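Engineer: Below is a structure I'd like to ask you about.
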Amino acid sequence: MVHEIFHQQIGGSQLPPVYTHSFRLDEKVDWLSFQVSLFRKCWFGFYVWDPDRVLRVQYLYGQAPPILLLHREPEKSSGLTLSGDLPLGEWKIEVTGVDTPLSEGSHHPIEYRIEMKGGRGEPEGGLSILPQGSQVWATKEKQKNGFELFDYPWEREIDSDERWYKGDFHTHTRFSDGKMSPREGMDQALKMGLDFFVATDHHVVPTGWIEDKVLVIPGIEVTSTKGHFNALGIRKWLDYRITSPDGGMEKEEGMMRLLRETRENGGLTSINHPRLEPWHWQFRDTPLELIDTIEIWNDPTYPFNPQATEEALKLWNLLWNEGYRIWGIGGSDSHLRPDESYTEGGEPSLIGDPGTYVFADGLSASKILDAVRKGRVYVSRGPLMDVFVQIGEKIFPLGSDITEGLNRSEQGRFTYGVQLSYSSYPVILRWVVNGEEVFHQAVTGDGLYRQSFEWGERGYDWMRVEVRDEEGRLLAFTNPIYHGERKPQIFTWGELLERAR
């Protein structure tokens, strides 16, 4: 039996607030357990590295169980661990804790205790862990450093139909600070009619998940004190640590690297709740060309989000007016149980609210991500939509460049059609061109609603549609269609904010 206790205090005058412990394995074991005790709430996590410099355990204090089990056998290992052989030699536990911007330090010390045990056979007394589930996406085998999700089935199709698939690009579980287990989250996703969701817990990349009818796509919410972004469809662990040579997620240089690496490894970058303080995006040097999507609509039930969403729409308008083709998505950012709300008597905060609908020719991780890259997306809290642009006999989907079609049409004429399916309450359809409403129509009930436009010889234009209720509250929005090109005159997030003033 291996048994060690690490009791330490970090933070206060220590900057950055990190500490590294080490222990040796001189005899073969089947498992290692890590029991965490923290003496106050804060952002606190640790990583366990084996002698081969492979990351074997990720942990973030929040709702996660206080005990993690790293086992040789995948079905016995905790979620967020890399099961497999436990090699002999020196292991390291890297601890980090911060609850204020690093430039200010941690005002109050962070005291913690980690009890590590290891042995052969089964752990004594049985351990209450949060397992990774029957889908195992990564194990020790084939790893070199960090870890890659070698076993995730990117091309496996759950459905082969070409249709709209309902999803959620921002979700949380007890693997970080959400209140539901992966099983409870999956059950709620099924109740909400989701076809897919992206698992984006803070700071941790999932190494597996439970299996059911809903497609789960791996992701991570890189959670800095200066803003959050989701790496959607990430294929490997990203080194966001503040101990990285470039400062990781807390420095401009490090954050730019993380955005680039997300793309280089097959993922999409998504700036989360960009105008929701204090979690808004504050990295002013971020190149706009590194942003694939923006989370325009974040949890509509959170009290400050309706206004933050309207401000995000304004930023999005500016980006498209500059010529950037950055797509808009939604995310529930769900942390609560389905019977809980952020306000007394308020709406529950649910996974899939809002729903982000993606038009794809099959339900697989690769096809969903590829469809998002093309802008085949609308976001809704209720109304179901089918949207198309028609030029002559040709139909163009959302996200399309319709330049060629307009060049062949008479006077640049086209029709924008919206098929609505929803309950019978009155709504307002708004056609938005270059950031300004050009037409609105009050409608009631299901139906196909069309408007004709002429863009003629104009050099660059884009158009999207919003659905709002009679009080002006947002119910749905589409991504743009566009024609022509415009060379941007602003290049960083800071310049975008200045333009928005």
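Engineer: Tell me, yes or no, whether the range 326-342 has at least one residue that is part of a helix (DSSP H, G or I), under 19 Å from Gly167 (Cα atoms) and under 19 Å from the mean Cα position of the chain (by Cα).
Structural biologist: no
Engineer: Tell me the residue from Gly323, Gly267 that is of a type in the set (Gly, Ala, Ser), in contact (Cβ under 8 Å) with a residue 24 or more places away in the chain, surrounded by fewer than 21 Cβ atoms within 10 Å (Cβ to Cβ) and touching a Lys or Arg at 6+ places or on another chain (Cβ under 9 Å), please.
Structural biologist: Criteria check complete, one pass: Gly323.
Engineer: How many residues does the range 326-378 hold that are under 24 Å from Arg174 (Cβ atoms), buried (at least 19 other Cβ atoms within 10 Å of the Cβ) and among the polar types (S, T, N, Q)?
Structural biologist: So the count comes out to 4.
Engineer: Additional query: So in the range 382-424, with the set limited to residues that are among the small types (Gly, Ala, Ser) and in a loop (DSSP other than H, G, I, E, B), which one is most open to solvent (accessible area, probe 1.4 Å)?
Structural biologist: If we take residues in the range 382-424 being among the small types (Gly, Ala, Ser) and in a loop (DSSP other than H, G, I, E, B), then Ser424 is most open to solvent (accessible area, probe 1.4 Å).
Engineer: Let me spell it out: the conditions are (1) part of a loop (DSSP other than H, G, I, E, B); (2) open to solvent by less than 10 Å² (accessible area, probe 1.4 Å); (3) charged (D, E, K, R), and Arg56 meets all of them except one. Which number is the exception?
Structural biologist: So the condition that Arg56 fails would be (1).
Engineer: What number of residues in the range 241-270 are of a type in the set (Ser, Thr, Tyr), at pLDDT 95 or above and outside any helix (DSSP H, G or I)?
Structural biologist: 2
Engineer: Just to be sure before I move on: is Asp85 out of contact with any strand residue (DSSP E or B) (no Cβ under 9 Å at 6 or more places or on another chain) and at pLDDT 95 or above in the structure I sent?
Structural biologist: When the stated conditions are applied, Asp85 passes them.
Engineer: Sort out for me the strands (runs of 3 or more DSSP E) sitting completely within the range 439-501 that have 2 or more residues that are open to solvent by 30 Å² or more (accessible area, probe 1.4 Å).
Structural biologist: Passing ranges, in order: 447-454.
Engineer: So, one more: Against the definition (within 29 Å of Pro182 (Cα to Cα), hydrophobic (A, V, I, L, M, F, W, C), free of Cβ contacts under 8 Å to residues at least 40 places away in the same chain and part of a strand (DSSP E or B)), how does Val36 come out, yes or no?
Structural biologist: No, not satisfied.
Engineer: Using beta carbons and a limit of 7 Å, which pairs, at least six apart or on different chains, have the first residue in the range 302-315 and within 13 Å of His280 (Cα to Cα) and the second one aromatic (Phe, Trp, Tyr) and outside any helix (DSSP H, G or I)?
Structural biologist: From residues that are within 13 Å of His280 (Cα to Cα), the pairs are Thr309/Trp297.
Engineer: Please state which one of Asp299, Asp285 is modelled with pLDDT of 95 or more, touching a helix residue (DSSP H, G or I) at 6+ places or on another chain (Cβ under 6 Å) and open to solvent by 20 Å² or more (accessible area, probe 1.4 Å).
Structural biologist: Asp285
Engineer: Name the residues in the range 42-86 that are among the hydroxyl-bearing types (Ser, Thr, Tyr) and farther than 12 Å from Trp31 by Cβ, would you?
Structural biologist: Tyr47, Tyr59, Tyr61
Engineer: Can you say whether Glu277 is open to solvent by 30 Å² or more (accessible area, probe 1.4 Å), acidic (Asp, Glu) and outside any loop (DSSP other than H, G, I, E, B), as far as the supplied structure shows?
Structural biologist: no
Engineer: Taking the options Gly133, Gly167, name whichever one is in contact with a Lys or Arg (Cβ under 9 Å, 6 or more places away or on another chain), small (Gly, Ala, Ser) and within 21 Å of Ile210 (Cβ to Cβ).
Structural biologist: After applying the criteria, what remains is Gly133.
Engineer: Quick one: Val427 ticks every box in (1) in a strand (DSSP E or B); (2) in contact (Cβ under 8 Å) with a residue 40 or more places away in the chain; (3) closer than 22 Å to Gly399 by Cα bar one, so which box is it?
Structural biologist: Unmet condition: (3).
Engineer: Under 6 Å between Cβ atoms, which residue pairs at least 6 apart in sequence (or on different chains) link something in the range 239-255 that is at positive phi with a partner that is open to solvent by 10 Å² or more (accessible area, probe 1.4 Å) and charged (D, E, K, R)?
Structural biologist: What qualifies is Gly248/Arg241.
Engineer: So, in the range 3-37, of the ones that are farther than 29 Å from Leu149 by Cβ and among the aliphatic types (A, V, I, L, M), which residue ends up modelled with the lowest pLDDT?
Structural biologist: This residue is Leu15.
Engineer: I'm told Met255 meets every condition in (1) open to solvent by 20 Å² or more (accessible area, probe 1.4 Å); (2) farther than 13 Å from Val205 by Cβ except one. Can you identify the failing condition by its number?
Structural biologist: (1) is the only condition that Met255 fails.
Engineer: Here's something else I'd like to know. Filtering the range 202-236 down to residues that are touching a Phe, Trp or Tyr at 6+ places or on another chain (Cβ under 8 Å), over 17 Å from Ala365 (Cβ atoms) and part of a loop (DSSP other than H, G, I, E, B), which residue is most open to solvent (accessible area, probe 1.4 Å)?
Structural biologist: Among residues in the range 202-236 that are touching a Phe, Trp or Tyr at 6+ places or on another chain (Cβ under 8 Å), over 17 Å from Ala365 (Cβ atoms) and part of a loop (DSSP other than H, G, I, E, B), the one most open to solvent (accessible area, probe 1.4 Å) is Lys226.
Engineer: Continuing with the same structure: Within the set of pairs 6+ apart or on separate chains, which have a first residue in the range 43-59 that is at pLDDT below 95 and of a type outside the set (D, E, K, R), a second that is outside any loop (DSSP other than H, G, I, E, B) and open to solvent by 20 Å² or more (accessible area, probe 1.4 Å), and C-beta atoms under 8 Å apart?
Structural biologist: Every condition considered, the pairs that remain are Phe44/Leu38; Phe44/Thr96; Gly45/Thr96.
Engineer: Would a scan of the range 412-422 turn up a residue that is at pLDDT below 90 and within 33 Å of the chain's Cα centre (by Cα)?
Structural biologist: Yes.
Engineer: Tally time: how many residues in the range 1-22 are out of contact with any Lys or Arg (no Cβ under 8 Å at 6 or more places or on another chain) and open to solvent by less than 20 Å² (accessible area, probe 1.4 Å)?
Structural biologist: So the count comes out to 3.
Engineer: One residue is enough: does the range 8-31 have a residue meeting the conditions in contact (Cβ under 8 Å) with a residue 12 or more places away in the chain, closer than 23 Å to Ile210 by Cα and either more than 26 Å from the chain's Cα centre (by Cα) or not in a loop (DSSP other than H, G, I, E, B) (or both)?
Structural biologist: Yes, the conditions are met somewhere in the range 8-31.
The values are calculated or read from the model by the stated rules, or taken from the named source; none is laboratory data. A quick note: this is a predicted structure, and the numbers were derived from the prediction, not measured. Neighbour counts run over all protein chains shown; Cβ positions are idealised from the backbone, glycine included. Quick note on the areas: whole protein, heavy atoms, side chains included, nothing else; ligands and nucleic acids left out. Shrake-Rupley method; radii C 1.70, N 1.55, O 1.52, S 1.80 Å.
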